[in-house]
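Report on the following structure.
Bear in mind that the values in this text are calculations on the coordinates, not laboratory data. Just so it is clear, the model here is predicted, and its values are computed rather than measured. In this analysis, Cβ positions are derived from the backbone assuming ideal geometry, glycine residues included, and neighbour counts consider all displayed protein chains.
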Amino acid sequence: MTGSVENVYTEALLEIAEEEGSEAAAEINGELAALSRIFSENTELYAVLDSPIITDEEKKDLLRELFEGKISRTSYGLLYVLTENGRCRYLEAVAAKFKEEYYSLHGIAEVTVTTVKPLSDGQKQRLTEKLKKLYGREIILTEKIDASLVGGVAVSYGDSMLDGSVRTKLDGMKKQIKNMIS
């Protein structure tokens with residue numbers, strides 16, 4: 001995993017998180033996702049923390065004011081080190097890479113299911129169980145609604161796609177008919 005800046009920070013952070021235990025690693029994963037959202041919604045934070053005009057002490061004071069005691073020491077330490085090294089702009093990439101590595105290490109799959117209308121709780125539970133058997137991982141299910149599917153369901157995980165939508169079946173039939181006529 002070494003090489004890029006985000007990989008180096010992620011590798012070190014993951015090692016620390018796993019030493020603290022799986023609950024701590026899960027907490028850090030959640031905190032990094034939240035920090036990533038905060039920074040992406042408040043881009044001026046990047047500008048301030050990466051600015052050569054603002055002193056290191058002012059940056060550390062800002063971090064203390066905003067985050068100390070509100071997130072784990074490990075997540076706070078990451079922010080501190082990124083700021084100290086002028087690399088806050090890598091926070092979102094570190095958060096994404098950490099999530100990917102954490103999920104891989106703990107056998108978690110983030111799966112997106114797209115349907116015409118929302119699934120019932122029972123449907124979600126049955127689908128989650130089937131996907132758990134299919135992928136051999138714990139499933140985090142994200143639901144999307146797309147009326148253009150006409151019916152059925154499309155499931156995506158990583159680079160794989162299981163498309164049982166009516167729209168795809170109709171498109172396939174349309175191609176077959178065109179090929180027969182041509």
- Task: Could you work out how far helix 121-135 tilts from the main Cα principal axis of the chain, as a 0 to 90 degree angle to the nearest 10?
- Result: 80 degrees
- Message: If I model a spin label at LYS178 and ALA96 as a point 7 Å from the Cα along the Cα→Cβ vector, what separation in nanometres do I get?
- Response: 3.3 nm
- Query: In nm, to one decimal, how far is the GLU18 label point from the GLU65 one, both placed 7 Å along Cα→Cβ?
  - Reply: 3.8 nm
- Message: Ignoring solvent entirely, what values of log10 I(q)/I(0) come out of the Debye formula for the chain at 0.09, 0.13, 0.15 Å⁻¹ when each Cα is a single scatterer?
- Response: -0.48, -0.80, -0.93
- Note on the structure: Note to self, the chain gives a 222 nm [θ] from helices alone (DSSP H runs n ≥ 4, -39500 (n - 2.57) apiece, / all residues, nearest 500) of -20000 deg cm²/dmol
- Task: Could you work out the relative contact order of the range 1-81, using alpha carbon pairs under 8 angstrom and six or more residues apart, expressed as a whole percent?
- Result: 29 percent
- Message: Could you identify which residue out of LEU134, LEU45, LEU62 has the top mean-square fluctuation in a GNM of the chain using Cα springs shorter than 10 Å?
- Response: LEU134
- Message: Can you compute the charge dipole magnitude of the chain about its Cα centre, using +1 on each Lys and Arg Cβ and -1 on each Asp and Glu Cβ, nothing else charged? Give it in debye, rounded to the nearest 20.
- Response: 1620 debye
- Item | DSSP bridge orientation in the chain - percent antiparallel, rounded to nearest 5 | 50 percent
- Message: Skipping prolines and chain starts, which residues have an amide H placed within reach, meaning under 5 Å, of the one on GLU110, given they are 5 or more residues away or on another chain?
- Response: ILE140
